[in-house]
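The next block holds one structure in the form of structure tokens; read it before the comments.
The values are calculated or read from the model by the stated rules, or taken from the named source; none is laboratory data. In this text the structure is predicted, and so the values were computed from the model without any measurement. Please note: Cβ atoms are built from the backbone with ideal geometry, for glycine as well, and neighbour counts cover all protein chains shown. Ligands, DNA and RNA are stripped out before the accessible areas are found, and what is left, the full protein with its side chains, is counted by its heavy atoms. Shrake-Rupley method; radii C 1.70, N 1.55, O 1.52, S 1.80 Å.
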Amino acid sequence: MAKKLWGGRFAKATDPLVEEFTRSVQYDYKLAEYDIIGSLVHIQILKNAGYLNKTEKAKLESGLKALYSAVKDGTFKPDLSCEDIHTDIQNKLQAKVGDLVMKLHTARSRNEQVVFATKLYCKAGLMKLQEALVDLDITLCELAAKNSDVVIPGFTHMQHAQPVYLMDYLMAYGEMLKRDYDRTWVAAKNIELTMGAGALAGTPIDAAKYNVDVSGYIKGNKDLRKSFKLQPTVNSLDSVSDRDFVIEVLNTAAIIGMHLSRLSEDIIIWSSKEFGFISIDDAFCTGSSLMPQKKNPDVLELVRGYTGRLYGNLMSVLAMMKGLPLTYNRDMQLDKEPLFDSIEIVSAELAVLSGLVKGLKFNKAKIEQHLEDESLYATDLVYYLVGKGVAFKNAHTIVGKLVKYSIDNSVEIKSMTERELGKFSASFKKSDIVKLLDPKTSVESKKSLKRG
Ligand code: ARG
């Protein structure tokens, strides 16, 4: 059985059922590199405070750096019999530096250790998401630019509404991704790295000794790295029991997931035979074991499906936190799996969607067929009448009647005579009406957009 970080007060060995039930190393090993960074920071503080001399610090540092390299090159194997990753790292460090390791835990508690490591995990995870969000956004922009002349029917209530440029449709998702990017930024900035909480009550080390620069350990965006400045805790009770940052990351992931799910749903619908707007590259579809003709958008369905997990992860941590008295309670250990899960799901979704979107091909002929539906231009006819001085509400009623007449009598508006049109409004001029029943004319008549 692996060594624990506690035990002196116990007269009996822990029941194996308890060991098993309380263990978290099987998932919190993902915090290994961040826990090691936490220890590297902590030994600088201990040195500043006079608890470690130069040689001791150097010895611990070289042991920790060796462990860090092992994590980075994949040779670090978590000991699954340990209680958690913090215990495992301490034991592994002991194997390298001997009993000097006993000094490492001076003025330190896992309650704080776990917060520090999880905060670093969150910051790094958010930075990864930012890169992936930018990638997908660029892919959408490129697809939009390649198809800048394509007009498609726009929908409300899943019914034909008005024609819109495909590029505007795609860039609507670009707008969502931009807001997502901003949310990742804010979530990362909100994460304050603190030490000095101890288990809950603070430590005997003077706050001034916590003036340690952490940014050197962190790769990535320069501006964000500035927020990696370590600060002495302002309120140690809050520091060890705050999980707002986890919830903000889960919230950010849930919203990204919701956006990706909507994009997926649009692509699923567009790729159906009924719509036929697009074809998805074979490399991003799957087949059926029974029906040989099938080419299914499973990737998109999984993106849609995972959204449930992302919401669930957010809800599980919100619910887990809601009744907890101050300060640390073991319940909080249960924030890890949802957190890791959400970051991993969203990263994978962004990567696979970027590949899929790159390979989308639009079927212009089929889209044009859909654009023949004259009801798409009804609103343009209303604006036409308004331009002739008819009040909007009256124009709306006139065109409503015209559309109904066209449906009831199976006659296209564009083939109606001037006299027939005149029955609805004296202001209708056939040659004008025919020009208005056109996708390009329709989209070009909209002047209110200030495209980015
Ligand atoms: N594995 C624990 C967690 O993730 C670490 C903190 C344990 N602290 C304690 N007092 N038992 O929350």
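Based on C-alpha pairs under 8 angstrom that are at least 6 apart in sequence, the chain has a relative contact order of 15 percent.
Protein heavy-atom surface of the chain, 1.4 angstrom probe: 56% of the accessible area is carbon and sulfur, with nucleic acids and ligands not counted.
Between residue 365 and residue 316, the modelled labels are 5.0 nm apart [label points 7 Å from Cα along Cα→Cβ]. Report, to the nearest 10°, how far helix 336-358 tilts away from the longest principal axis of the Cα atoms in the chain, using its own Cα long axis and a range of 0 to 90°. Between the helix axis and the principal axis of the chain, the angle is about 40 degrees. Between residue 211 and residue 419, the contour length at 0.36 nm per residue exceeds the alpha carbon distance by 66.3 nm. Relative to the longest principal axis of the Cα atoms of the chain, the long axis of helix 392-408 lies at roughly 70 degrees. In this structure, residue 426 and residue 190 have a Cβ-Cβ separation that, at R0 = 56 Å, corresponds to a calculated FRET efficiency of about 0.35. Average accessible surface for the chain: 50 Å² per residue, computed with a 1.4 Å probe over protein heavy atoms with every protein chain in place. A simple count of charges around residue 99, restricted to other residues whose Cβ falls under 15 Å of its Cβ and scoring Lys, Arg +1 and Asp, Glu -1, yields +4. Nearest 0.05, what FRET efficiency do residue 161 and residue 334 give at R0 = 41 Å with Cβ-Cβ as r? Efficiency at R0 = 41 Å is approximately 0.35. Taking the Cβ of residue 272 as the centre, find all other residues whose Cβ is under 12 Å away and add up their charges (Lys, Arg: +1; Asp, Glu: -1). Cβ neighbours under 12 Å give a net charge of 0. For the residue pairs 146/446; 401/447; 404/435; 12/336, the C-alpha atoms sit more than 25 angstrom apart in 401/447; 12/336.
List the longest stretch of the chain that has no exposed loop site; here a site is one of the GluC sites (Glu not before Pro) assigned by DSSP to anything other than H, G, I, E or B, with at most 13 other Cβ within 10 Å.
The reported range is 1-273.
Relative to the longest principal axis of the chain, what angle (0 to 90°, nearest 10) does the C-alpha long axis of helix 244-271 take? Helix 244-271 and the main axis of the chain meet at about 30 degrees.
Applying 0.36 nm per residue to the separation of residue 283 and residue 445 and subtracting their alpha-carbon distance, the gain on full extension is 54.4 nm. Partner aspartates and glutamates whose Cα lies under 12 Å from the Cα of residue 430, excluding those fewer than 8 positions away in the same chain, are identified as 418, 420. With Cα atoms defining each centre, the stretch 390-452 and the stretch 279-335 are spaced 46 Å apart in the structure. On a C-alpha basis, how far is the centre of the stretch 66-135 from the centre of the stretch 362-385 in Å? Whole number, if you could? Between the Cα centre of the stretch 66-135 and that of the stretch 362-385, the gap is 59 Å.
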